[in-house]
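Here is the structure we will look at, set down as structure tokens.
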Amino acid sequence: ATLVLLPSLDSKVVDSKHTPGHWRILHAVYKHITADVLVDGKVCDCDIVVDCKVGDPIALEVKLTNWSKHSVGPFALTVIPYQDYQNGVHNYELHDAITFVGSNTFYIDSVKPTKNSVCFGALLFLYTGDFYLNIKFHEDNSSRELPLSWFCLPSVHIRAMEPVIQTKL
């Protein structure tokens, strides 16, 4: 699945044709960067739904790997939750339904050649439903003269369900 999502002058494409949950960035400068996303310890792909329980914090892990011969970065990664109503409408006003444990933005100073950098976070779902996470990142370099250029990974699908209450007899 290939996804172009960015409202910038210089849109980028992310490709997930190879390994599930392992996305290769298709861009002249960043073509040697791959991204891996895990939710609650499970590898995520745009075709996989991750189940979680309402009220339980779930771990989010995003790993960028640099396969080039040069360091890249700094980067800022932002996680944006939304609900897809399946009619072309996305609801991003989820302040009462999802909360982040900590921040929804992560900063990476640099990723050295053949190394990776991992961002860890956590989410807490307060209501049941199907939710999606947009994970986008950009080069966080203030010395650039060009406008920011955002790269988006394919959306992660999470289904928040009621916790099972067990009673003892």
**Request:** With respect to Gly129, determine if the residue is at pLDDT 80 or above, closer than 16 Å to Val49 by Cβ and either open to solvent by 20 Å² or more (accessible area, probe 1.4 Å) or not charged (D, E, K, R) (or both).
**Result:** yes
**Message:** Suppose we filter the range 62-90 for residues that are over 17 Å from the mean Cα position of the chain (by Cα) and either open to solvent by 50 Å² or more (accessible area, probe 1.4 Å) or without any contact (Cβ under 8 Å) to a residue 12 or more places away in the chain (or both); how many remain?
**Reply:** 9
**Prompt:** Which ones in the range 83-102 are at pLDDT 90 or above and either polar (S, T, N, Q) or under 30 Å from His70 (Cβ atoms) (or both)?
**Reply:** Gln83, Asn91, Thr99
**Prompt:** Does the range 45-54 contain at least one residue that is under 15 Å from Arg159 (Cα atoms), at pLDDT 85 or above, within 14 Å of the chain's Cα centre (by Cα) and of a type in the set (Asp, Glu)?
**Reply:** no
**Message:** Can you report the number of residues in the range 30-56 which are in contact (Cβ under 8 Å) with a residue 40 or more places away in the chain, assigned to a strand (DSSP E or B) and either buried (at least 16 other Cβ atoms within 10 Å of the Cβ) or touching a Cys at 6+ places or on another chain (Cβ under 9 Å) (or both)?
**Reply:** 6
**Prompt:** What single numbered condition from (1) part of a loop (DSSP other than H, G, I, E, B); (2) modelled with pLDDT of 90 or more; (3) of a type outside the set (Val, Ile, Thr); (4) open to solvent by 20 Å² or more (accessible area, probe 1.4 Å) fails to hold for Leu124?
**Reply:** (1)
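The values are calculated or read from the model by the stated rules, or taken from the named source; none is laboratory data. Quick caveat: nothing in here was measured; it's all calculated off a predicted structure. Counting neighbours? That spans all protein chains shown, and the Cβs are built from the backbone with ideal geometry, glycine included. When the accessible area is computed, the model is the full protein with side chains, heavy atoms only, and any ligands, DNA or RNA have been set aside. Shrake-Rupley method; radii C 1.70, N 1.55, O 1.52, S 1.80 Å.
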